[in-house]
1. Which residues, taken from the range 391-413, are open to solvent by 50 Å² or more (accessible area, probe 1.4 Å) and under 19 Å from residue 347 (Cβ atoms)?
2. Just to be sure I understand the filter: pairs with C-beta atoms under 8 Å, separated by 6 or more residues or on different chains, first member in the range 375-390 and more than 7 Å from residue 346 (Cβ to Cβ) and in contact (Cβ under 8 Å) with a residue 40 or more places away in the chain, second member of a type in the set (Lys, Arg) and in a loop (DSSP other than H, G, I, E, B). Which pairs pass?
3. Determine whether the range 243-251 contains at least one residue that is over 23 Å from residue 336 (Cα atoms), in contact (Cβ under 8 Å) with a residue 60 or more places away in the chain, open to solvent by 50 Å² or more (accessible area, probe 1.4 Å) and under 39 Å from the mean Cα position of the chain (by Cα).
4. What is the number of the single condition among (1) in contact with a Ser or Thr (Cβ under 8 Å, 6 or more places away or on another chain); (2) at pLDDT 90 or above; (3) farther than 27 Å from residue 441 by Cα that residue 266 does not meet?
5. Determine whether the range 273-284 contains at least one residue that is hydroxyl-bearing (Ser, Thr, Tyr), assigned to a helix (DSSP H, G or I) and over 19 Å from residue 387 (Cβ atoms).
6. May I ask you to verify whether residue 261 is surrounded by fewer than 17 Cβ atoms within 10 Å (Cβ to Cβ), in contact with a His (Cβ under 9 Å, 6 or more places away or on another chain) and farther than 30 Å from residue 149 by Cβ?
7. So, of the residues in the range 161-219 that are polar (S, T, N, Q), open to solvent by less than 80 Å² (accessible area, probe 1.4 Å) and outside any helix (DSSP H, G or I), which turns out to be modelled with the lowest pLDDT?
8. For residue 332, state whether it is out of contact with any strand residue (DSSP E or B) (no Cβ under 6 Å at 6 or more places or on another chain), open to solvent by 20 Å² or more (accessible area, probe 1.4 Å) and not basic (Lys, Arg).
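The values are calculated or read from the model by the stated rules, or taken from the named source; none is laboratory data. Given the structure is predicted, the values throughout are model-derived calculations rather than measurements. Note: ideal-geometry Cβ built from the backbone for every residue, glycine included; neighbour counts use all protein chains shown. The protein model used for the area step is the full one, side chains on, heavy atoms only, and it has no ligands, DNA or RNA in it. Shrake-Rupley method; radii C 1.70, N 1.55, O 1.52, S 1.80 Å.
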Amino acid sequence: MDTLRRRWVLIVVIVLACTVAAVIHSERGTKIYKATASVSFQSSSASAAALQLGTGGSTEPQREANTEVLIAHSPEVARNVVKELHLNVTPSELLSEVQAEVAPTANVLNIVASTGDPAESAKFANAFAEQYIAFRSESKFGEIDQAQSRLQKQIEALPANSAERANLVQSQQRLSEERAIAGGGASIIGRASAPGSPSGTTLKSWVIIGLLIGIATAVLIVFFLESLDRRVRSPEQFEREYRLPTLTVVPRSAFRERRAAARGDELEPYRMLRSALEFTAAARTLRTLMVTSAVSSEGKTTVAIDFAHAVALTGRQTILVEMDLRRPSFASQLDIEERGGVSAALVGSATLESLLVEPIEGLSTLQVLPAGRLPHNPAELLGSQRTSEIINELAQMAEMVIIDMPPLNPVADAQILLNSDAVNGVLLVARLDRTKRDDVRRAREILDRHAVRPVGLVIAGAHGSLAYGAKYGYPANGKTTHIGQPQRGGEDRSSAAGIARPSGSATRQRLSL
């Protein structure tokens, strides 16, 4: 249902297109008018019995009916119709517009003409009925004439007073009687009239057909596109691929182009994240937290900034470090001057205290160490011992150090710090409808090869019901919390992420923060 809901516009367009195409086909398609003439016929077995000449008359009704159909739809009958109506078509062309069929329970032959003109259809059906009767009568006359001729020869060859001659004379008389009634073996019992409307599917039926075809086509196309689309669509998919719990869900609206100071009314998801991480602090030290993602454009920098903002609002001294030395963006989001930054601290050209800035007026508990001047060799600088020393020094100056790092997959910068003792944990940012499953799996493989353990996921870019829950402080899917709850199959999410499971009273206290 989520797939159909996401692509409802495409479904509506396809269904409407198919319906309109069906209506156009109904209106512009060739209209066929059918007219039917009905003819009753007598069995030929009676004539054969009257002749008493063994003419091979059949007593099988179905066989006789099939014979009548072949006669009515024969080229000879069609040729006579063409001649009678003075048509400019060949007999074979005319036969393609006419059909003959026998009624199931009666000796009645229905001749159906189908053309684009109602009057023409009626004219063809009646003409075929008339020519069928005429051809049938002529055929019987011919048979009787041949029989009479044979009898006459036999009579002339016999003596005048012989008994055999007398029998043949009687047979000849019966043939004369048969000839008198031969023309009455078939008659039209229902003449064709011009139909008032075309036959076939009505406009309403075409509309229904168009709707059904459109729905089926739309569903097939949608699921085909979904099979090609490798993007992750739900928090549950991220949890399965990363094997990590979702700590909070951030709505798409939180990533609008605005300064960090103006996003103070959208920090509820980060308060939830702050509370969730307090559970982790009960089991492991978490003073330095790296924020990264699998690929770029997942929103990790925005998450790092707003999370630092939410922590600093509690009165805890917080330092936000921009160690993305390739594509830094703190200056644009926080409206600060770069000055020396991390690059200056790495080369030792300035003290850390002099490089720290306060980005939000009136919030002295939040300090930022921007990236500074971009070096030519960021991976080598971050891999130096000085990087770990800087992080440790910052951890002594603040209660929480949040480090914004480049994404895991494209560059090695974040991977270098994953083996550093100075980093206590990793927070993964995952963007709905942006990150592909292959990217997530590659990032998870990278995490598995390094020492620093991830603490959980921040799902970014939520919309619909997920965004509503995130906006008003409710976790995704209406769940009370993912922390400390066992996964399907019995796996404990809190154990997988290294998060402790406090008692019920402790849980209530921490969630109220």
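1. Once the filter is applied, which keeps residues that are open to solvent by 50 Å² or more (accessible area, probe 1.4 Å) and under 19 Å from residue 347 (Cβ atoms), the range 391-413 yields 392, 393.
2. Partner pairs satisfying both residue conditions: 378/326.
3. To start, the set of residues in the range 243-251 that are over 23 Å from residue 336 (Cα atoms) comprises 243-251.
The next check asks that each one be in contact (Cβ under 8 Å) with a residue 60 or more places away in the chain; those that pass are 243-251.
With open to solvent by 50 Å² or more (accessible area, probe 1.4 Å) added as a condition, the list becomes 243.
Among the residues that remain, those that are also under 39 Å from the mean Cα position of the chain (by Cα) are: 243.
Within the range 243-251, one or more residues are over 23 Å from residue 336 (Cα atoms), in contact (Cβ under 8 Å) with a residue 60 or more places away in the chain, open to solvent by 50 Å² or more (accessible area, probe 1.4 Å) and under 39 Å from the mean Cα position of the chain (by Cα).
4. With respect to (1) in contact with a Ser or Thr (Cβ under 8 Å, 6 or more places away or on another chain); (2) at pLDDT 90 or above; (3) farther than 27 Å from residue 441 by Cα, residue 266 is out only on (2).
5. Within the range 273-284 (the criterion being hydroxyl-bearing (Ser, Thr, Tyr), assigned to a helix (DSSP H, G or I) and over 19 Å from residue 387 (Cβ atoms)), the answer is yes, since at least one residue qualifies.
6. Numbers: surrounded by fewer than 17 Cβ atoms within 10 Å (Cβ to Cβ): yes; in contact with a His (Cβ under 9 Å, 6 or more places away or on another chain): yes; farther than 30 Å from residue 149 by Cβ: yes.
It is true that residue 261 is surrounded by fewer than 17 Cβ atoms within 10 Å (Cβ to Cβ), in contact with a His (Cβ under 9 Å, 6 or more places away or on another chain) and farther than 30 Å from residue 149 by Cβ.
7. My answer is 201.
8. When the stated conditions are applied, residue 332 passes them.
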